[in-house]
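Have a look at the structure below, then the notes.
The values are calculated or read from the model by the stated rules, or taken from the named source; none is laboratory data. Everything numeric here is computed off the predicted structure, so don't read it as measured data. Here the Cβ positions follow ideal geometry from the backbone for every residue, glycine too, while neighbour counts run over all protein chains shown.
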Amino acid sequence: MHFSVHKKIRIGFFIAFTVIVIASIFSYLVAKNLLENASRLNHAIEVSKRLEVITRQLKDAEAAIRGYNLTKDSSFLNPSMQERSISIEREYRLLRKVTAENPVQQRHLDTLRDLLNIKYRQLLTGEKKVTSDKQRNSVKEGERSMDRLDRKVQDMLHIEETQVHEKSKLFHFFSVLWVPVIFISSLVAIFIGIYSYITLTKEIKLQLHIESRMKSYQRDLQQNISLLNKTNQELEQFAYVASHDLQEPLRKISTFSDRLQMKYREQLPPDATQLIDRMVSAVSRMRVLINDLLVFSRAGRITPESITRVDMNVLLQEVLSDLEVTLEEKNVAVKYDQLPVIEGSDTSFHQLFQNLLANAIKFASPDRPLQINIHHQIVQGKELGIVKENRWETTFCRINIEDNGIGFDQAYTERIFLIFQRLHGISEYTGTGIGLAICKKIVDSHNGFIMAYGYPDQGATFVIILPLTQTNTEEHI
């Protein structure tokens, strides 16, 4: 599969973006776990500190009571157990608060509460003078309860250590992955950056080369256009001179023929008179052909100055006015809808419609009155299916000129637009076969299209497709 340069760059940047996103996610997870690990460690330290304060206070109280019982020195009872219990209760409440979201630790604290209450009672009893065996047994029981309390504290510390360890393992997992992920993503980003730089550099060089070639082609094209315009002007001048030079011998032949007929008509045999008549007819036809050739050479030549906004309704009315006598004589009915305004040469459009209507009138059917229908449709270039991609967004006007004349065979649809091409003999229909060729030349010069569809003995349809605006201001050839 072949990808364009721009598509490759887009894919590369997408991959780089994806890698950066993955690296960012891993970085976020590492940072998050680092913060959570630090928070859990701080939490464990705080719990450990609170528990240490409680156990230290209890052990200090227990040691003070032992000292008092041994020495009977009341200074060992300062501070008293009641004062120590206030400090222990403060630490206990803080433990409750910091472990509020841990139900296991809360249950341990419930047990610790019971053990503390037992220890309080034992220590309060110990502050009194030990005189009986029962009191001595109470002291020993206090020692055992202290052992239970120490074990409970160790259980709580173990839970905190376990949670810190679990968080540390997760942090270690992401930390181990984070380094290669960042390394790989950096390599990918660097590679894509270098590749994009090289690719863009090549693309820029290629674009500069293409622009240079395009400028060269444009210069060559301008030179060719100038040369073609010059050649066309020379051809037009040649056609005019040729027609003028050809007309002169034709006039002499016609003059000599007329004199010959006038002076020697009675003396010439019938076959000689017939030959002279045929010669005069040929001269007349030659003169018409030369004039039509001159008209064809000039047709379709438009300049930027000749392009105007042409109201096709006004233009069509002018053409119908020019053909008014013929339309009445032939009993022709012309129907047309409201036509748009189109940019172009008013003179050329006038000749275009006049030739097409005259063609329809010429080839009217002898069996029925001629009807001509003209209607249009505004379409985009893409809808036509016959324009190049660079003109898909151009707005066109498609004009259909339909008649119910004699029609023609569809096999000749291309031939009828060629110069001096006829589908009928000169004895059947007059003309030189140049009218439709002029129509095609005019439409081509306006960057349009013309097509014909024939139906023998049913009629014909001529389709003219013209852009509403002329974007090319160069002189059309």
*asked:* Please determine whether any residue of segment 166-180 is modelled with pLDDT of 70 or more, out of contact with any Cys (no Cβ under 9 Å at 6 or more places or on another chain) and surrounded by 13 or more Cβ atoms within 10 Å (Cβ to Cβ).
replied: no
*Could you grab me the full set of residues in segment 322-378 that are part of a helix (DSSP H, G or I) and among the β-branched types (Val, Ile, Thr)?*
Val325, Thr326, Thr347, Ile361
*asked:* Return the residues of segment 181-219 that are among the polar types (S, T, N, Q) and modelled with pLDDT under 80; say none if nothing qualifies.
replied: Ser185, Ser186, Ser196, Thr199
_Residue within segment 359-373 that is more than 16 Å from Lys330 (Cβ to Cβ) and touching a helix residue (DSSP H, G or I) at 6+ places or on another chain (Cβ under 8 Å) present_ = no
*Taking segment 107-137, which residues are crowded, with 17+ Cβ neighbours inside 10 Å, modelled with pLDDT under 65 and in a helix (DSSP H, G or I)?*
Thr125, Gly126
*Of the residues Ser4, Ser24, which single one is at pLDDT 70 or above and small (Gly, Ala, Ser)?*
Ser24
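This table checks each residue for (1) among the charged types (D, E, K, R); (2) at pLDDT 70 or above; (3) in a helix (DSSP H, G or I).
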{"site": "Leu268", "(1), (2), (3)": "no, yes, no"}
{"site": "Asp271", "(1), (2), (3)": "yes, yes, yes"}
{"site": "Leu275", "(1), (2), (3)": "no, yes, yes"}
{"site": "Arg278", "(1), (2), (3)": "yes, yes, yes"}
{"site": "Val283", "(1), (2), (3)": "no, yes, yes"}
{"site": "Met286", "(1), (2), (3)": "no, yes, yes"}
{"site": "Leu293", "(1), (2), (3)": "no, no, yes"}
*Candidates Lys97, Lys59 - the one that is modelled with pLDDT of 75 or more and part of a helix (DSSP H, G or I)*: Lys97
*Take segment 182-235 and flag every residue that is in contact (Cβ under 8 Å) with a residue 12 or more places away in the chain and over 35 Å from the mean Cα position of the chain (by Cα).*
Ile225, Leu228, Asn229, Asn232, Leu235
